[in-house]
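Every number in this text was worked out from the coordinates using simple rules, so none of it is lab data. Quantities reported herein were computed from a predicted structural model and do not represent experimental measurements. FYI the Cβ positions are ideal-geometry reconstructions off the backbone, even for glycines, and counts take in every protein chain you see.
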Amino acid sequence: MLRRSAPLLVAALAVVGLAAVGWSAATARSTSAEIAVHFSHFGPAALTVRAGEAVTFVLRNQDPIDHEWIVGDEATHERHRTGTEPVHDQRPTEITLPALETRSTTVTFTTPGRYRYICHLPGHEAYGMVGVVTVVP
């Protein structure tokens with residue numbers, strides 16, 4: 001009898017283990033969004049995502065020059081306006097976009113609100129390289 005019930009016991013323990021870490025297939029959500037850079041502008045310039053949902057951003061730089069994609073609150077952007085970081089590859093919300101290349105990053109926004117994405121290379125923000133991610137509950 002123990003042999004036939006062993007697979008059921010293993011399955012039950014797996015379900016309990018998944019519940020213990022707070023993850024289940026029924027509640028896991030993710031999505032993707034493509035943002036193109038063309039003529040030093042982001043397209044689309046506005047996106048809406050849900051809080052707690054993992055979003056994979058596919059960033060396609062179609063321009064023959066480098067850009068960057070920095071998404072965050074106003075304090076993040078103020079730091080980058082006066083910062084000196086030449087390359088971004090350590091944070092999922094700060095990506096360097098080499099000319100004519102594509103990069104992907106996954107971000108989970110936990111707090112509803114509006115978060116701008118901006119290219120802070122000299123003159124790019126003033127030229128209009130700005131977009132917004134609206135995070136809804």
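Key figures for this structure:
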{"item": "Local electrostatic count at residue 58 - Lys and Arg +1, Asp and Glu -1, tallied over other residues with Cβ under 14 Å", "result": "0"}
{"item": "For residue 97, distant residues with modelled amide H under 5 Å away", "result": "67, 68, 69"}
{"item": "Sequence-distant residues sharing a close amide H with residue 50 (under 5 Å, placed H)", "result": "136"}
{"item": "Ranked packing of 45-51, 95-101, most packed first, by mean Cβ within 10 Å", "result": "95-101, 45-51"}
{"item": "Counted charge near residue 37, where neighbours are those whose Cβ lies closer than 12 Å (Asp, Glu -1; Lys, Arg +1)", "result": "-3"}
{"item": "For the stretch 38-95, alpha-carbon Rg and Dmax in angstrom", "result": "12.7, 35"}
